[in-house]
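Down below is the structure, laid out as structure tokens.
The values are calculated or read from the model by the stated rules, or taken from the named source; none is laboratory data. In this text, all values refer to a predicted model and were calculated from it rather than measured experimentally. A quick note on method: Cβ atoms are made from the backbone with ideal geometry, for glycine too, and the neighbour counts reach across all protein chains shown.
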Amino acid sequence: MFSRHPVPQFGPMGCGISCLAYLTARDYARARHEFFSKVIGGDWCPCGYNGKAILRALWTADMNWERRRFSRRCPSTKQIRHGNIIAVTMPNGYGHYLVHTPHGWMDSLDPGAEDVTFENWLPCVTGQVRSRLPGWTLRSFFCPSEQDRCGP
């Protein structure tokens with residue numbers, strides 16, 4: 001069950017919360033409180049959420065998912081299915097999470113926001129659905145545990 005619209009992030013380092021909110025059809029504040037407060041022992045994490053925290057939040061949401069890394073054998077996004085979360089590194093050096101949807105890539109940042117500093121664009125208002133994945137560095141992705149692995 002996906003949300004019908006992109007879920008914008010309201011805090012710095014909140015893209016993981018937005019992705020989980022999108023996947024569970026909740027708003028940002030509810031997803032942060034229901035899933036992430038149990039993972040980090042509070043309602044806010046000023047330093048961002050690493051892959052382990054995202055994975056624990058997915059488990060808290062009763063989603064049996066795992067984290068997989070991109071490799072030489074599986075270097076592209078062809079293995080990514082609708083609903084998978086992808087972790088990337090943006091040109092400014094920050095990590096970022098996006099969700100693959102039937103319409104493209106759900107991005108919690110407003111259009112053009114990735115080119116400026118956090119102080120100038122938070123909170124985001126609309127988020128966006130990108131038709132193509134930006135040319136950012138691929139790091140890893142999160143998917144259901146039963147999803148097939150890349151290659152034979």
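For the stretch 76-122, which positions are out of contact with any Leu (no Cβ under 8 Å at 6 or more places or on another chain), within 27 Å of residue 56 (Cα to Cα), at pLDDT below 80 and not in a loop (DSSP other than H, G, I, E, B)?
Within the stretch 76-122, 78, 79, 114, 118 qualify.
Using the structure shown, decide if residue 44 is at pLDDT below 70 and either of a type in the set (Lys, Arg) or closer than 16 Å to residue 18 by Cα (or both).
Taking the combined requirement at face value, the residue satisfies it.
Identify the residue in the stretch 8-32 that is in a loop (DSSP other than H, G, I, E, B) and free of Cβ contacts under 8 Å to residues at least 24 places away in the same chain and, among all such residues, is surrounded by the fewest Cβ atoms within 10 Å (Cβ to Cβ).
Residue satisfying both the conditions and the ranking: 27.
Tell me, please, whether a residue that is within 21 Å of residue 24 (Cβ to Cβ), part of a loop (DSSP other than H, G, I, E, B), modelled with pLDDT under 75 and among the polar types (S, T, N, Q) can be found in the stretch 123-130.
no
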